[in-house]
Amino acid sequence: MKADARRRPVAKAARERADSRVCLWLRNEAGRKGVPVLRTFERWLAAIPDLERRRGWSEVNILVVGRAAGRRYNRQFRGRDYATNVLSFPYEPAPGEHSGLLGDLVICAPVVAREAREQGKHARDHFAHMTIHGVLHLLGYDHEETGEAERMEALETRILAGLGIADPYRDDAA
């Protein structure tokens, strides 16, 4: 994921929290407006119980992009010619490799902001939801089948509630 050479990324950092075994790399290529800061993303990841239960450390890379890059990634990796809210790329270690890297997330800031407006939600809450949703995909959760979707949505709702965020699947969640 190459940065635009004409613009220096606004946020690029890695930090291991003393109370967590999760290393988060964040790169923001979408600009500062409306994009949460590193500590906020760290707090959201710390709320995911599956990460806390993992043996050893875990690493997650998050790239926040604008609409054009979001569209390009979605077209390249999913064959869909539009920008989407979050893409998850689970890391697949080589046979015998022991890695804490879970994978990469690409979050399209303008899409998340637009969806939040359309759904009457706070943008920060929707960013939290999309981040947690994406990390759950990295952990192996899916929503292709009804049972899997219900399990994943219930876990997302529980995690978000622990952060003081309303159930995103309720019509009146705003």
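In the range 72-130, what chymotrypsin sites (Phe, Trp or Tyr not before Pro) fall in a loop by DSSP, with at most 15 other Cβ atoms inside 10 Å? It would help to have the intermediate numbers written out before the result.
Details: sites: TYR73, PHE77, TYR82, TYR91, PHE127; in loops: TYR82, TYR91.
Listed in order of number, the matching sites are TYR82, TYR91.
Kindly provide the helix-only [θ] at 222 nm of the chain, computed as the sum of -39,500 (n - 2.57) over DSSP H runs of four or more divided by all residues, to the nearest 500 deg cm²/dmol? Mind dumping the intermediate values first?
Values: 6 runs with 70 residues, N = 174.
Rounded to the nearest 500, it is -12500 deg cm²/dmol.
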inquiry  = Cα atoms only: what Rg and Dmax, in Å, come out for the range 74-157?
reply    = 14.3, 47
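Given Cα pairs under 8 Å that are at least 6 residues apart, what percent is the relative contact order of the range 11-162? Mind dumping the intermediate values first?
On the way: 244 pairs, mean separation 32.5, N = 152.
Computed over the range 11-162, the figure is 21 percent.
Mind ranking 32-42, 139-149 by how tightly packed they are, going by the mean number of other C-beta atoms within 10 angstrom, highest first?
Details: 32-42: 16.5, 139-149: 12.0.
Taking the mean over residues of other Cβ atoms within 10 Å, the ranking is 32-42, 139-149.
Would you calculate the volume per residue, in Å³, of the smallest convex hull containing every Cα atom of the range 14-84? Write out the running numbers ahead of the final one.
Working: hull volume 7.7 nm³, N = 71.
So the per-residue hull volume is 109 Å³.
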request  = Order by neighbour count: LEU163, LEU63, fewest other Cβ atoms within 10 Å first, most last.
outcome  = LEU163, LEU63
Kirkwood Rh, Cα atoms: Rg over Rh of the range 11-162 = 0.94
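Where both residues lie in the range 11-162, what percent of DSSP beta bridges are antiparallel, nearest 5? Each step should come with its number before you reach the end.
On the way: 11 of 25 bridges.
The antiparallel fraction comes to roughly 45 percent.
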inquiry  = Tell me which of PHE77, ASN28, ALA46 sits at the most positive position along the dipole axis of the range 11-162, charges placed on C-beta atoms (Lys, Arg +1; Asp, Glu -1).
reply    = ASN28
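Readers should treat all values here as calculations from the given coordinates under stated rules, not as data from a laboratory. Keep in mind the model is a prediction, meaning the values are calculated, not measured. Virtual Cβ from ideal backbone geometry, glycine too; neighbours counted across all protein chains shown.
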